[in-house]
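The values are calculated or read from the model by the stated rules, or taken from the named source; none is laboratory data. Please read these numbers as outputs of a predicted model, since none were measured by experiment. Here the Cβ is made from the backbone with ideal geometry for all residues, glycine too, and neighbour counts use every protein chain on show. Surface accessibility is based on the protein's heavy atoms, side chains included, excluding ligands, DNA and RNA. Shrake-Rupley method; radii C 1.70, N 1.55, O 1.52, S 1.80 Å.
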Amino acid sequence: MKKENMYQDEIEKQIINKVTPTKKDREKLEKTIEEIHEKIEEEVKKKKIPVKIELVGSTAKDTYLKDNLDIDFFLLFPLSFSKNEIAKHVLSIGKKILIKTEESYAEHPYIRGYYKKYKVEIVPCYQIEKAIQKLSAVDRTPLHTRYIKENLEEKQKKEVRLLKQFLKGINCYGAEAEIEGFSGYLCELLILKYGSFRKLIQQAQHWKTGETLMLTSNDKQHPVFDTPLTFIDPVDSNRNVASALSKEKFELFTKACQEYLKKPSTTFFFPNPVKPWSIKEIKNKIIKEKMYFIGISFHKPNIINENLYPQIRKTVKTIYESASKQGFTIHDITYHVGRKKIYIIIKTDAEPLTETIIHMGPPVKLKKNSKDFLKKWQGNSRVVKGPYEKNGRYFVEIKREYRNLKSYLSSELKKLSLGKNIEEIVKSNYELLDLKDLLIDELKEFWTVYLDGKMSWER
């Protein structure tokens, strides 16, 4: 056990050295931050607006990873400004300072772009001293930055970096819709709670769905959140910092903690790249395992990821629920987002459903319900047998509308309530795909990960 701990220490030292910025990195970043700050200040003066400029996020807190950082500036406006005014000012300032800009929308519009190869966001918010004054969620962000700067010890910064890289390695880092993982702020709070990366993962390996964490007993008065993990925000006790974390990523993290403690390896932090199987290997595996797949493909809507991924998940859920109601067995349904297309891949049964289905009606003693049931089915062209009475209840045997999933989707997909932008595209054009259409170069990596049964750190 002692030897294993020594090995773990060596791995963690190695990772910390790899992800911590050098003196040269810091100097370059600080110079860039100073330049951007000055340029924003110039624009603010020209506009004559009473704005406070604040650097927030991991660069302000010195918890950023060497090769993964954003420079986030918040422009804090007085409460007297309207949301339209603050958005207008920030978008025009951003366009003058940044290149390759993109307007994005949280509760306020904000602007992202590049400055000397650095990713930069400029976000408007209201200047508040306490979370209770907030007019929108982003108003709390400067309070978060101040809280971490005041409470996180210098030696704990390396522990935050270690945790962030661990989460990055297992694809659990980031609260954005594409990942549904741990935010940077949540990482910092976890280290504040447990003191170090090692102590955190020793506890996290035992977490169960519904785990609730807080930093002080003052946070005990809080709402109940129906999420896999709850971490009460020390800045706002009505907020769960872990609200974006999905059940899938919560379980992946606890499993990774268990496995890392059993057998530490650098691959948890820096996994080996996927070596895609050949199309022949993929096909042979599917045939050998007697799996049956059909797919749907359509063009990717031109919208930001924060809007795209929730729509894809809604589409997947709707297809699963509607197909299941028809009696189809969906063993699995997943998706792949390509450069131009989205693929929804469904694992189902190859055999068609039975020609007929027995439909259960109401108990005979419920006169009104029975009358409605008989009225609906007597003389109906789909009826093969009945309606008939059995064990005090009415039944009817009817022909199925659809016996295989492909024909059901062909007829009904356009009528389903999918994600807004996806629905528009599907109504105009989509393709139903057989296995041969899914065995393409673009999906080789997807199939390899799907079929090899390995976790990212095992490759």
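Scan segment 210-229 for residues that are part of a loop (DSSP other than H, G, I, E, B) and within 27 Å of MET455 (Cβ to Cβ) and the total you get is 3.
Yes or no, residue by residue, for (1) within 18 Å of GLU445 (Cα to Cα); (2) assigned to a helix (DSSP H, G or I); (3) open to solvent by less than 50 Å² (accessible area, probe 1.4 Å):
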position: ALA256; (1), (2), (3): no, yes, yes
position: PRO276; (1), (2), (3): yes, no, no
position: LYS283; (1), (2), (3): yes, yes, no
position: LEU308; (1), (2), (3): no, yes, yes
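Assessment of segment 3-23 against the conditions (under 16 Å from LYS116 (Cα atoms) and surrounded by fewer than 19 Cβ atoms within 10 Å (Cβ to Cβ)) yields no matching residue.
Residues in segment 371-393 that are open to solvent by less than 40 Å² (accessible area, probe 1.4 Å) and under 47 Å from the mean Cα position of the chain (by Cα) were compared, and the one that is nearest to PRO352 (Cα to Cα) is VAL383. In segment 77-96, the qualifying residues are those that are surrounded by 16 or more Cβ atoms within 10 Å (Cβ to Cβ) and touching an Asp or Glu at 6+ places or on another chain (Cβ under 7 Å), and the one that is nearest to SER136 (Cα to Cα) is LEU91.
For the condition assigned to a strand (DSSP E or B), under 29 Å from the mean Cα position of the chain (by Cα) and on the phi < 0 side of the Ramachandran plot, ILE71 qualifies.
Would you check if ILE232 is part of a strand (DSSP E or B) and open to solvent by less than 20 Å² (accessible area, probe 1.4 Å)? Spelling it out, ILE232 is indeed part of a strand (DSSP E or B) and open to solvent by less than 20 Å² (accessible area, probe 1.4 Å). A count restricted to segment 41-61 and to residues that are open to solvent by 70 Å² or more (accessible area, probe 1.4 Å), on the phi > 0 side of the Ramachandran plot and in contact (Cβ under 8 Å) with a residue 24 or more places away in the chain stands at 0.
Here is a yes/no grid of residues against (1) part of a helix (DSSP H, G or I); (2) farther than 30 Å from HIS336 by Cβ; (3) not acidic (Asp, Glu):
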site: GLN165; (1), (2), (3): yes, no, yes
site: ASN171; (1), (2), (3): no, no, yes
site: ALA177; (1), (2), (3): no, no, yes
site: GLU180; (1), (2), (3): no, no, no
site: CYS187; (1), (2), (3): yes, no, yes
site: LEU190; (1), (2), (3): yes, yes, yes
site: LYS193; (1), (2), (3): yes, yes, yes
site: LEU200; (1), (2), (3): yes, yes, yes
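Screening LYS317 on (1) surrounded by 15 or more Cβ atoms within 10 Å (Cβ to Cβ); (2) modelled with pLDDT of 95 or more shows it passes everything except condition (1).
For segment 121-145, filtered to residues that are touching a Lys or Arg at 6+ places or on another chain (Cβ under 7 Å) and β-branched (Val, Ile, Thr), the residue that is farthest from TYR185 (Cα to Cα) is ILE128.
Taking the criterion of being surrounded by 15 or more Cβ atoms within 10 Å (Cβ to Cβ) and among the aliphatic types (A, V, I, L, M), the residues of segment 289-303 that qualify are MET291, ILE294, ILE296.
For segment 351-459, the helices (runs of 4 or more DSSP H) that sit wholly inside it and include 1 or more residues that are free of Cβ contacts under 8 Å to residues at least 60 places away in the same chain and more than 25 Å from PHE293 (Cα to Cα) are 367-377. Of all residues in segment 144-200 being among the small types (Gly, Ala, Ser) and under 25 Å from GLU54 (Cβ atoms), which is surrounded by the fewest Cβ atoms within 10 Å (Cβ to Cβ)? My answer is ALA175. Between GLU153, GLU103, GLU129, the distinction of being in contact with a helix residue (DSSP H, G or I) (Cβ under 7 Å, 6 or more places away or on another chain), of a type outside the set (Phe, Trp, Tyr) and either more than 23 Å from VAL19 (Cα to Cα) or without any contact (Cβ under 8 Å) to a residue 12 or more places away in the chain (or both) belongs to GLU103 only. Count of segment 411-459 residues, restricted to those that are open to solvent by less than 40 Å² (accessible area, probe 1.4 Å), closer than 15 Å to ASN284 by Cα and among the aromatic types (Phe, Trp, Tyr), is 1.
Condition check ((1) over 30 Å from TYR105 (Cα atoms); (2) within 17 Å of the chain's Cα centre (by Cα)) across all residues:
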{"residue": "SER265", "(1), (2)": "yes, no"}
{"residue": "VAL274", "(1), (2)": "yes, no"}
{"residue": "ILE286", "(1), (2)": "yes, no"}
{"residue": "GLU289", "(1), (2)": "yes, no"}
{"residue": "PRO301", "(1), (2)": "no, no"}
{"residue": "ASN305", "(1), (2)": "no, yes"}
